[in-house]
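Below is one structure, written out as structure tokens, with a few remarks after it.
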Amino acid sequence: MVTKMAWTIAYILLGYVAFVAMAEGLIRFIQPDMAGGVTIFVKDGQGNEMKRNLATLEHDGALYISSNHWLRSWYYAALKNPDVEIIREGVRGPYTAVPIEGAERATVSKLYRMGFVLRFICGFAPSKFLRLDPR
């Protein structure tokens, strides 16, 4: 027999999952501009252009972006077709999206910190990073 405490925990977890799903959908729909951020244009498998507004991190002359949400179709599209374009400081230009690993990823992960509240809202989704190299 399931106890009342187990049901309470199950309802809390279900409510949190629903909250994260709603927040993720809202963030995807609204796509807020970020101060110092970029707008990235990525082509999906059918050649349709996806547009996302993203925060950036600059480190050692390199520009990084991160997917910090569970809904990250733009990220997977960029892995399949790394020729992307971004608008940065009002200028649109071509870039190559490069996934990072190893020491570079560890460094960027330490520098690209999200606060607890934002991580909570995003359901503690793991961050996935790309370096944007000018073409």
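The values are calculated or read from the model by the stated rules, or taken from the named source; none is laboratory data. Just so you know, these numbers come straight off a predicted model, no measurement behind them. Note: ideal-geometry Cβ built from the backbone for every residue, glycine included; neighbour counts use all protein chains shown.
Given the criteria exposed (fewer than 13 other Cβ atoms within 10 Å of the Cβ) and in contact with a His (Cβ under 8 Å, 6 or more places away or on another chain), does Leu14 qualify? Judged against the criteria, Leu14 is not a match.
State which residue is farthest from Pro99 (Cα to Cα) when the search covers only segment 34-48 and only residues that are part of a loop (DSSP other than H, G, I, E, B) and over 13 Å from the mean Cα position of the chain (by Cα).
Our first condition is that a residue be part of a loop (DSSP other than H, G, I, E, B); within segment 34-48, this holds for 34-37, 44-48.
Retained after the next criterion (residues that are over 13 Å from the mean Cα position of the chain (by Cα)): 35-36, 44-48.
Working: Ala35: 23, Gly36: 21, Asp44: 17, Gly45: 18, Gln46: 22, Gly47: 21, Asn48: 21 Å.
Of everything passing the filter in segment 34-48, Ala35 is farthest from Pro99 (Cα to Cα).
Within segment 22-33, identify whether any single residue is outside any strand (DSSP E or B), among the β-branched types (Val, Ile, Thr) and surrounded by 11 or more Cβ atoms within 10 Å (Cβ to Cβ), and answer yes or no. I'd like the intermediate steps shown before the answer.
From segment 22-33, those outside any strand (DSSP E or B) are 22-33; that's our starting set.
Those still in the list that are among the β-branched types (Val, Ile, Thr) too: 27, 30.
From what's left, surrounded by 11 or more Cβ atoms within 10 Å (Cβ to Cβ): 27.
Yes.
Of the residues making up segment 55-96, just one is at pLDDT 90 or above, under 10 Å from the mean Cα position of the chain (by Cα) and aliphatic (A, V, I, L, M), namely Ile65.
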